[in-house]
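The values are calculated or read from the model by the stated rules, or taken from the named source; none is laboratory data. It should be emphasised that the depicted structure is a prediction, and the values quoted were computed from it without experimental measurement. Glycine also receives a Cβ, built like all others from the backbone with ideal geometry; neighbour counts cover every protein chain displayed. Heavy atoms of the whole protein, side chains included, go into the accessibility calculation; ligands, DNA and RNA do not. Shrake-Rupley method; radii C 1.70, N 1.55, O 1.52, S 1.80 Å.
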Amino acid sequence: MAPRELFAKRSRKDATAEGTSVAPEFDSHRFRSAEHQQRFEAIKGWSFHRERRVQLRDDEYTDFQEEIAHRRWTSLVTPMAKFDPDVVLEFYANAWPTKEGVWDMQSWVKG
């Protein structure tokens, strides 16, 4: 019986290093493009003012209150108790137009 030859096993790290795919320049899970990620970095210092709840009496603006109830917008007009500022900033960064005059108004937020 002939002696067995030992083959060196390649690690996953070596296999991925040889691949032809190029890693994106930006965090593609959070941003639509590198420009949007740069916009996020530019607006990171923004601060937020909490929404104020406007409490209407039953006899005030009845048509308006009826329309809100009819459209089931009660949860929409009720401010959230808490929010994550990073998620809000991601939304605004991704909604920013990258080319002048082009407003595609697409954005996403994960989380």
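Here are the numbers for this structure:
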quantity	calculated
Solvent accessible area, Å² - LYS99, 1.4 Å probe, full protein context	140
Using θ = phi - 60° and Karplus 6.51 cos²θ - 1.76 cosθ + 1.60, couplings along the stretch 75-84 (whole Hz; Gly, Pro as x)	5, 5, 8, 9, x, 6, 5, 8, 8, 9
Label-point separation, TRP46 to GLN65 (7 Å along Cα→Cβ), nm	3.4
Which of ARG52, ARG30 is most accessible, then next, and so on - probe 1.4 Å	ARG52, ARG30
